[in-house]
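J.: Before I ask anything, let me first share the structure, which is written out below as structure tokens.
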Amino acid sequence: MNHKYRKTVIAANWKMNKTPTETRTFGAEFRRILPRGRWCEIVLCMPAICIPAGVKAMRDTRVNIGAENMYHETFGAFTGEISAPMLVDAGVKYVILGHSERRAMGETDADINKKLIAALEAGLTPILCVGESLEQRKSGVTFEHITMQLKLDFQNIQPEQLRRIVVAYEPIWAIGTGLTATPEEAEEVCQHIRTVIRKLSSAKTARATSILYGGSMNGDNAAQLLAQPDIDGGLIGGASLDPEKFVKIINAANQDAE
Ligand code: PEP
């Protein structure tokens, strides 16, 4: 982490795991045990149907609500989709884009690029996920794959807008598997991501971009991962579903700041 140049972000990705009722229960407990007066940015990304309950439960706290996906068009005949302005109106501040689970459902880099542009235009902070599969890692193409994802996802995005994007490095083989990348493995790729951003925009933008690690992060491994110079936070799936487990990770991020 580097608190001087960029914000630390600890973001939950609940995926399809909570109902609105469970969101209220989580919210009440999370508020009770939330560390006070610390500086790291906290985000709860949740299913769209939970957002009103999440916004209400976190009112008057420093916790931001995020969505897990959105559509790139603003309005129109797109049955079942939700637009960026709709999320903003509901009180959402962040949106996860390009998660590997959505890419596996057929979302392309061209789709993600359109969504990034729409999210930025609406004033949302996108959390863009990139990462390699186990096969790609084994065949030594991790850096090339991530460079390609970033180049395609960032097409036609101006440097001043690019600075508002949070990037999450999520090796697919580490998501939900209990197999965490070592701090060195994660740092190597996060550092590479920063280098790519520098080449695509500027040193200033690269230095200001928060880059998160995601993939089986938990209360036991968070401190070591967050101690790496280019890891500015975490995107957390499984360990974010329980308020106590999630707070452990927030505490690890806060400790490093002390
Ligand atoms: C994720 O899906 O973004 C994720 C990091 O999940 P987990 O923490 O469960 O590996």
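J.: Can you name every residue in region 216-230 that is open to solvent by less than 10 Å² (accessible area, probe 1.4 Å) and within 13 Å of the ligand (Cβ to nearest atom)?
T.: Applying the first criterion (open to solvent by less than 10 Å² (accessible area, probe 1.4 Å)) to region 216-230 yields 217, 222, 225-226.
217, 222, 225 - these are the residues of region 216-230 that are open to solvent by less than 10 Å² (accessible area, probe 1.4 Å) and within 13 Å of the ligand (Cβ to nearest atom).
J.: Run residue 120 past the list (1) touching a Phe, Trp or Tyr at 6+ places or on another chain (Cβ under 9 Å); (2) open to solvent by less than 60 Å² (accessible area, probe 1.4 Å); (3) part of a helix (DSSP H, G or I) and report the number of the one that doesn't hold.
T.: Only one criterion in (1) touching a Phe, Trp or Tyr at 6+ places or on another chain (Cβ under 9 Å); (2) open to solvent by less than 60 Å² (accessible area, probe 1.4 Å); (3) part of a helix (DSSP H, G or I) is unmet by residue 120, namely (1).
J.: Additional query: Here is a list: 95, 43. Which entry is touching a Pro at 6+ places or on another chain (Cβ under 9 Å), open to solvent by less than 50 Å² (accessible area, probe 1.4 Å), modelled with pLDDT of 95 or more and part of a strand (DSSP E or B)? Full working, then the answer.
T.: Details: 43 fails: touching a Pro at 6+ places or on another chain (Cβ under 9 Å).
From the options 95, 43, the qualifying one is 95.
J.: For residue 180, only one of the following conditions fails: (1) near the ligand (Cβ under 9 Å from one of its atoms); (2) within 21 Å of residue 94 (Cβ to Cβ). What is its number?
T.: (2)
J.: Only one of these is of a type in the set (Asp, Glu), within 16 Å of the ligand (Cβ to nearest atom), out of contact with any Gly (no Cβ under 8 Å at 6 or more places or on another chain) and in contact (Cβ under 8 Å) with a residue 24 or more places away in the chain: 73, 68. Name it. Give the steps one after another, and end with the answer.
T.: Values: 73 fails: within 16 Å of the ligand (Cβ to nearest atom).
Sole residue among the options that is of a type in the set (Asp, Glu), within 16 Å of the ligand (Cβ to nearest atom), out of contact with any Gly (no Cβ under 8 Å at 6 or more places or on another chain) and in contact (Cβ under 8 Å) with a residue 24 or more places away in the chain: 68.
J.: Which of the residues belonging to region 145-181 are assigned to a loop (DSSP other than H, G, I, E, B), among the charged types (D, E, K, R) and buried (at least 22 other Cβ atoms within 10 Å of the Cβ)?
T.: Pass one, region 145-181, residues assigned to a loop (DSSP other than H, G, I, E, B): 154-158, 163-165, 170-171, 175-181.
Filter once more, keeping what is among the charged types (D, E, K, R): 163-164, 170.
Of everything in region 145-181, just one residue is assigned to a loop (DSSP other than H, G, I, E, B), among the charged types (D, E, K, R) and buried (at least 22 other Cβ atoms within 10 Å of the Cβ), namely 170.
The values are calculated or read from the model by the stated rules, or taken from the named source; none is laboratory data. Please read all numbers here as calculations on a predicted model, not as lab measurements. Every residue, glycine as well, gets a Cβ built from its backbone with ideal geometry; the counts of neighbours run over all protein chains shown. Keep in mind that these areas ignore ligands, DNA and RNA; they rest on the heavy atoms of the full protein, side chains included. Shrake-Rupley method; radii C 1.70, N 1.55, O 1.52, S 1.80 Å.
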